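> Before anything else, here's the structure in question.
The values are calculated or read from the model by the stated rules, or taken from the named source; none is laboratory data. The shown structure was predicted, so the numbers you read here are calculated from the model rather than taken from an experiment. Here the Cβ is made from the backbone with ideal geometry for all residues, glycine too, and neighbour counts use every protein chain on show. Remember, those area values only see protein heavy atoms, side chains included, never the ligands or the DNA or RNA. Shrake-Rupley method; radii C 1.70, N 1.55, O 1.52, S 1.80 Å.
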Amino acid sequence: MRRWDDTAPSAADPLGECVHGSRLLGSDPALVLHGGGNTSVKHHVDDITGRRIDALYVKGSGWDLATIEAEGFTALPLDRLRELVGLEALSDAEMMRELGAARFDPAAPAPSVETLLHASLPHPAVLHSHADVIVNLTNNPAGEKLVRDLYGDRVVVIPYVMPGFALARVAAQLWAEQAHGGTVGMVLLNHGLFTFGDTTKKAYERHAELIEAAERWLDEHAPHGPAAGEPLAPVDPGELAELRRRISAVAGRPMIVTRHADAEVARFVRRSDLADLAGRGPLTPDHVIRTKRTPLVGTDVDGYAERYREEFDRYRHRGPADLAMLDPAPRVVLDPVLGMLAAGPTVAGAGMAADIYRHTIPVLERAEDHLGGYEALDAADLFDVEYWELEQAKLRRGGSPPELAGSVAVVTGAASGIGRACATALLGRGAAVVGFDRDPGVPDTFDGDAWLGLTVDVTAHDAQRQAVAAAVERYGGIDIVVAAAGTFGASTPIASLSPQAWRQVQAVNVDAIAMLLASVHPMLARSPAGGRVLLIGSKNVPAPGRGAAAYSASKAALTQLSRVAALEWAGDGIRVNVVHPDGVFDTGLWTDELLEERAIEAGSTVDEYRTRNLLGAEVTSATVAAAVVALCSDAFAATTGAQIPVDGGNERVV
């Protein structure tokens with residue numbers, strides 16, 4: 001893990017050096033995952049009067065170590081923090097109130113819940129991680145002995161204590177008992193590793209030294225399991241969609257569910273002791289807010305939820321009288337056939353659960369197979385963390401979810417024009433979007449885990465069906481379908497129309513969509529939010545133009561297809577509607593040359609031609625996309641079989 005860059009800020013810039021060290025820790029998932037870990041440096045603050053005050057700069061809540069900036073650290077007066085550590089008792093609410101009030105800058109982020117522990121350590125720089133290899137040493141029956149045998153008296157060993165004031169007090173006491181001039185670290189059982197030094201670079205070097213020693217010991221005494229075999233086979237997309245529907249029903253909101261079926265996962269889920277091993281608890285208590293205490297083994301979602309409710313009732317007395325139960329839906333599912341499924345209200349949430357459990361699997365395997373068995377904290381301690389107000393605050397900081405959070409949309413023709421605009425709008429409303437397009441650049445059309453671009457010729461029905469399956473593997477199901485892929489074909493009088501030209505237009509504009517609808521129906525019928533289909537028609541349906549027989553007929557047939565689908569699918573809760581655009585000149589159908597040619601034919605300028613409608617409005621791809629997304633929203637929950645013109649008003653249609 002030694003990746004220190006000697007061109008980075010040095011000890012002459014303590015905060016800059018701390019930022020660099022923090023990013024090195026945060027960018028290594030074997031050390032820190034998704035907001036975990038914390039760091040600090042003791043320096044000074046020059047206040048407005050010019051007085052120099054000793055200060056602790058500590059990571060602020062809500063910042064990720066991998067990307068933290070200097071403004072992500074909160075400065076607090078060191079003397080005040082040490083006064084707080086000296087108190088006999090301090091509640092969580094009192095601690096956070098005092099820390100908040102002590103900030104030199106009231107606009108700085110809330111300081112880490114482990115601020116007092118950082119303040120109590122007599123070293124300028126402190127780094128804290130949840131390194132996989134450290135919890136591999138500690139999460140077994142002989143954990144403390146293994147740590148002491150490996151490191152001797154070079155580390156202070158702290159039994160598990162709830163983070164916050166209680167941990168700071170215990171750590172200060174045990175530090176006084178165990179620490180000496182040669183102490184280089186502190187191991188918190190079932191929690192992680194602290195190292196320190198005169199500089200962040202020194203603290204980082206000590207972190208690397210202790211972790212490398214643990215890696216060498218584990219490689220010798222607890223080698224990784226046998227080489228993984230084959231990945232798991234694909235499964236019926238409808239089965240995944242049904243499981244997602246049941247998870248979402250228990251969660252009370254649509255959930256993203258990602259499938260992981262690689263060889264390492266396959267090896268783990270085929271263990272004969274899977275249910276027992278996976279049921280013992282997470283690596284560190286802070287993981288519980290992302291993964292819950294245990295995964296669901298198998299597919300009995302209702303049974304899992306019932307057990308969760310029973311556990312809540314068993315321990316609710318440990319919280320305040322008005323403690324409300326969180327949703328009881330699993331966040332990780334393990335099954336010998338399905339593999340590992342990770343669930344979350346957003347793609348990011350599902351991704352966090354997956355990342356955490358991927359790091360959990362090898363720790364469980366090594367501890368169980370070589371170290372006398374995996375041992376986690378007991379259920380009561382983990383309940384305290386899951387329902388700890390300070391941990392729940394991490395989840396609330398994201399605010400209210402976007403309107404379409406948890407929904408999955410498939411958009412055809414997503415690389416350009418109306419399809420791209422629809423994908424943009426859906427992503428902006430929080431949906432995960434799978435884009436189909438024959439353009440090989442479609443995978444890179446958007447960035448982020450909420451986008452999956454697949455190069456697909458929609459007229460190749462098997463390829464399109466496989467793409468639907470890939471969408472379900474990635475996100476768990478399909479809630480929205482926007483069929484925007486289309487072609488105009490050559491402008492040809494009927495008398496000159498060739499069978500090939502006619503067939504090509506029908507294949508793209510009608511046949512491909514009919515086959516798409518047949519493929520997606522099982523998923524739409526299982527949508528936890530109700531299936532929604534939006535087909536991009538054309539003004540040519542009510543008002544066809546000369547030379548556009550193939551195009552006009554195809555869009556008319558598409559409209560009829562939508563009406564039949566609305567009739568057949570209403571009983572499944574699926575809404576099917578059509579948008580009829582006109583004059584959308586920022587699509588691939590219109591080149592600058594064609595637009596100028598048509599403007600001349602109409603006896604107008606190009607700008608006039610763009611707004612040749614009753615409202616004098618320019619209709620863009622984004623205009624059409626806004627209507628599409630509106631029809632996907634709850635505002636149109638009672639609308640199906642509708643045809644909505646988006647054309648600025650056309651005399652031939654009105």
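> Output the relative contact order of the chain, whole-number percent, from Cα pairs under 8 angstrom with separation of 6+ residues.
Answer for the chain is 10 percent.
> Would you mind telling me the share, in percent, of accessible area of the range 218-291 contributed by carbon and sulfur at probe 1.4 angstrom?
Summing carbon and sulfur atoms, their accessible area is 51 percent of the total for the range 218-291.
> What ranking, highest mean first, results for peptides 169-176, 69-76, 283-290, 243-250 when packing means the other Cβ atoms within 10 Å averaged over each residue?
So the order, starting with the most tightly packed, is 283-290, 243-250, 69-76, 169-176.
> Which entry in (i) 172; (ii) 196; (iii) 159 is this structure's computed volume of the Cα convex hull per residue in Å³?
Here volume of the Cα convex hull per residue in Å³ agrees with entry (ii).
> Also: Report the normalised scattering of the range 337-411 as log10 I(q)/I(0) at q = 0.14, 0.15, 0.16 Å⁻¹, calculated by the Debye formula with identical scatterers on the alpha carbons.
Normalising to I(0) and taking log10 leaves -0.70, -0.79, -0.86.
> Cα axis of helix 461-475 to longest principal axis of the chain: angle in degrees, 0 to 90, nearest 10?
30 degrees
> What distance in nm separates the simple spin-label points at Ala490 and Ser27, each placed 7 Å from Cα in the Cβ direction?
Reported label-point gap for Ala490 and Ser27 is 5.6 nm.
> Follow-up. Between 0 and 90 degrees, rounded to the nearest ten: what's the tilt of helix 549-569 against the longest Cα principal axis of the chain?
The helix 549-569 is inclined about 60 degrees to the chain.
> Could you tell me what percent of the accessible area of the range 487-622 is made up of carbon and sulfur, with a 1.4 Å probe and every protein chain present?
After summing per-atom areas, the C and S share lands at 55 percent.
> Sticking with this structure for a sec: Mind giving me the FRET efficiency for Ala348 and Ala460? R0 is 41 Å, r the Cβ-Cβ distance, nearest 0.05 is fine.
0.80
> Here's another thing I want to ask about it. Just to check, using Stokes-Einstein with a Kirkwood Rh over alpha carbon pairs, what's the diffusion coefficient of the range 461-527 at 25 °C and 0.890 mPa s in µm²/s?
Approximately 181 µm²/s, per Stokes-Einstein.
> Okay, moving on. When you count, for each residue, the other Cβ atoms within 10 Å and take the mean per peptide, how do 353-363, 409-419, 423-433, 258-268 rank with the highest first?
Peptide ranking by packing, descending: 409-419, 423-433, 353-363, 258-268.
> A follow-up question, please. As an exercise, identify the chymotrypsin sites (Phe, Trp or Tyr not before Pro) in the range 578-637 lying in DSSP coil whose Cβ has no more than 13 other Cβ atoms within 10 Å.
none
> Based on alpha-carbon positions alone, could you give the equivalent ellipsoid semi-axes of the range 453-570 from the gyration tensor, as √(5λ), descending, whole Å?
29, 16, 10
> Distance from the Cα centre of the range 274-346 to that of the range 1-49, in angstrom?
Using only Cα atoms, the two centres lie 34 Å from each other.
> Additional query: At Ile48 and His180, where each label point lies 7 Å from the Cα along Cα→Cβ, what is the point-to-point distance in nanometres?
A separation of 5.0 nm, rounded to one decimal place.
> Before anything else, pin down the relative contact order of the range 468-531: Cα pairs under 8 Å, at least 6 apart, normalised by residue count, whole percent.
This gives 50 percent for the range 468-531.
> To continue, here is another question. How big is the Rg/Rh ratio for the range 1-90, C-alpha atoms only, Rh by Kirkwood, two decimals?
For the range 1-90, the value is 1.03.
> Only Cα pairs under 8 Å and at least 6 apart count here; give the relative contact order of the range 390-501 as a rounded whole percent.
It rounds to 27 percent for the range 390-501.
> I would also like to ask the following. FRET efficiency for Asp5 and Asp105, Cβ-Cβ distance as r, R0 = 25 Å, nearest 0.05?
0.30
> Treat every Asp and Glu Cβ in the chain as -1 and every Lys and Arg Cβ as +1, leave all other atoms uncharged, and give the resulting dipole magnitude about the Cα centre to the nearest 20 debye.
Dipole size: approximately 1140 debye.
> Run a plain Debye calculation on the range 545-654 (Cα atoms as equal point scatterers, no solvent) and give log10 I(q)/I(0) at q = 0.16 Å⁻¹, rounded to two decimals, same order as the q list.
With no solvent term, the Cα-only Debye profile gives -0.85.
> Kindly express, to the nearest 10 degrees and within the range 0 to 90, the angle between helix 621-632's C-alpha long axis and the longest C-alpha principal axis of the chain.
On a 0 to 90 degree scale, this one is about 70.
> How would His317, His123 rank on accessible area, largest to smallest, probe 1.4 Å?
Result, largest first: His317, His123.
> Another question, then. Quick one: Cα convex hull volume of the range 203-346, Å³ per residue?
Dividing the Cα hull volume of the range 203-346 by its residues yields 168 Å³.
> So what's the Cα pair-distance distribution over the range 400-531, bin width 10 Å, in %?
13, 43, 30, 10, 4, 0
> Hey, another quick one. At q = 0.14, 0.20 Å⁻¹, what log₁₀ I(q)/I(0) does the range 1-159 have when each alpha carbon counts as one equal point scatterer in the Debye sum?
-0.78, -1.34
> So, for the chain, what is the accessible surface per residue at a probe of 1.4 Å, expressed in square angstrom?
Solvent-accessible surface per residue comes out at 41 Å².
> In deg cm²/dmol, rounded to 500, what helix-only [θ] at 222 nm does the chain give when every DSSP H run of at least 4 residues adds -39500 (n - 2.57) and the total is split over its residues?
Per the formula, -12500 deg cm²/dmol.
> Using a 10 Å cut-off on Cβ atoms, rank the peptides 24-36, 446-458 from the highest mean neighbour count down.
In descending order of packing, they fall as 24-36, 446-458.
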